[in-house]
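Each reported figure results from applying straightforward, stated rules to the coordinates on display, with no laboratory input. Since the structure is predicted, the reported quantities are computational estimates derived from the model, not experimental observations. Methodologically, a virtual Cβ is constructed for each residue, glycine included, from the backbone with ideal geometry; neighbour enumeration extends over all protein chains shown.
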Amino acid sequence: MSERGSARQGICILGATGSIGASTLDVLARHPERFRVVALTANSKVEQLVDLCRRFQPELAAIGEAGQTAALAEALRAAGLRTAAVGGADGLVQAVRLAGVDTVVAAIVGAAGLNATLAAARAGRRLLLANKEAIVCAGALLIEAVRSGGASLLPVDSEHNAIHQCLAAARDASHAVRRLILTASGGPFLRRTDLAGVTPEQACAHPKWNMGRKISVDSATLMNKGLEVIEASWLFGFEPDRIDVVIHPQSVVHSMVEFVDGSVLAQMGTPDMRTPIAYALGFPERIASGSPWLDLLQAGPLQFEPPNQDQFPCLGLAYQALRAGSAACITLNAANEVAVDSFLQRELPFARIPAVIQEVLAGFKAAAPDSIEAVVELDRAARRQARSVLTKSTWTY
């Protein structure tokens, strides 16, 4: 519960109109006695954001595209709502700093949520991290902001949430743990050998999870798992050689921790993001999530196999970037976002996404950034380089 005594825990959701935002709001609606929605944000979907404001009556709504602020304010007035409207990057920061906000769910896709996530940490909020790009791009800065701001950090990604639960069994994780094992479904193309002609619709048709388009493409290339390796290294303090990835098509085991005595603890459940969200919202208590129960008798055999990095080189590129340092991780993330967007626009073939990222990584050198401004500038420079690679090359979609 909130430190304000018996008051309900005040929640701000960065990215309320996305899939994580929708799942979070579903869990919150099941526990009105515990939580109240104080602030909601979206990137550009004014109508959807207003609909959520009608339902949850937040004090403030923020729209990421500053040019939409007036439209948001007018729509809120027309709906008879007293919710205040703000916009732009400053509006997102204002949302996390709003009085009454105890917990911030960081669910904005991509590097766009970086400033607001750091602001939440510096403000000492309880930070539920679902935006892996924030820690991939600014891991050292985010961890320092959490420490200096007196914030707490809980992972919402199902894999890191699973590891968080398993590590609770170890009194001294650094000495008791041999390795972290992240599971990956393998995405929609696990058994497909020819990736020519893949369409955005096919890449976004994930066999187990219902996710946004960008993260769905990342899952199809295994870049999502690569970003999760980087995230796990920062969250739990493990070097790359102690973080492994295994393909687990059933998506029942969400990740595992192997201990030095040979024990392996696994967190299992149905592939429903409400489970890790409820765990993070209620921690250290457990609260109902609304997820269906796992029926092991119906789950069938559980399979595990190594990832095919020849077929899906993005995973190896992520390990390469992690070993090279924070500047390479920022470059990797930026190049991937540009390449994925180009694919979704039907400009870049799916099978060429790794080639774009690899070329940008190979030709782009920079020192490790020591400030958020340096992170943002490096991110912009890497995006420019990625667009240059796309422009100068001839691709056949």
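By count of other Cβ within 10 Å, fewest leading, how are S158, S255 ordered?
Working: S158 25, S255 28.
Least to most surrounded, the residues fall as S158, S255.
Under 5 Å between amide hydrogens, built in the peptide plane, is the criterion, and for S152 it picks out R126, L127 among residues at least 5 positions away or on other chains.
In which sequence would C12, C204 go, from the one with the fewest C-beta neighbours within 10 Å to the one with the most? Walk me through the numbers on the way to the answer.
On the way: C12 29, C204 18.
Ascending Cβ contact count within 10 Å gives the list C204, C12.
Secondary-structure-derived ellipticity at 222 nm for the chain, considering helices only, amounts to -14000 deg cm²/dmol, per-run term -39500 (n - 2.57) for DSSP H runs with n ≥ 4.
Given 37 °C and 0.692 mPa s, how large is the Stokes-Einstein diffusion coefficient of the chain in µm²/s, with Rh as the Kirkwood radius over Cα pairs?
On the way: Rh = 21.5 Å.
Translational diffusion coefficient: 153 µm²/s.
Charge tally around V245: other residues with Cβ under 10 Å, Lys/Arg +1 each, Asp/Glu -1 each, net -2.
Considering only P307, L297, I215, and ranking their Cα positions along the charge dipole of the chain that arises from unit charges at the beta-carbon of Lys, Arg, Asp and Glu, the one farthest toward the positive end is I215.
Under Stokes-Einstein, with the Kirkwood radius over Cα pairs standing in for Rh, what whole-number D in µm²/s applies to region 160-392 at 20 °C and 1.002 mPa s?
It diffuses with D of about 114 µm²/s by this estimate.
Our compactness index for region 221-274, the C-alpha radius of gyration over the empirical 2.2 N^0.38 Å, is 1.21.
Counting pairs of alpha carbon atoms under 8 Å apart in space and at least six apart in sequence, what relative contact order in percent does region 160-392 give?
On the way: 350 pairs, mean separation 51.7, N = 233.
Relative contact order for region 160-392 comes out at 22 percent.
Could you work out the local net charge near A120, counting Lys and Arg as +1, Asp and Glu as -1, over the other residues with Cβ closer than 10 Å to its Cβ?
Working: positive: R97, R122, R125, R126; negative: none.
Neighbourhood net charge equals +4.
Given a cut-off of under 8 Å on Cα pairs at least six residues apart, what relative contact order in percent is computed for the chain?
Values: 761 pairs, mean separation 54.7, N = 397.
Reported relative contact order: 14 percent.
Can you tell which of G91, A22, G113 lies farthest toward the positive end of the dipole of region 9-155, using +1 and -1 charges on the Cβ of basic and acidic side chains (Lys, Arg; Asp, Glu)? Ranked along the dipole, the leading option is A22. Amide H to amide H distances under 5 Å link A184 with V246, I247, H248, where only residues 5 or more positions off or on other chains count and H is placed in the peptide plane.
Proximity of backbone amide H atoms, modeled 1.01 Å from N, is registered between Q267 and H254, S255 at under 5 Å, excluding neighbours fewer than 5 places apart on the same chain. Normalised by 2.2 N^0.38 Å, with N the number of residues, the alpha-carbon radius of gyration of region 1-129 equals 0.95. Rounded to the nearest 20, the Cβ-based charge dipole of the chain about its Cα centre (Lys and Arg +1, Asp and Glu -1) stands at 600 debye.
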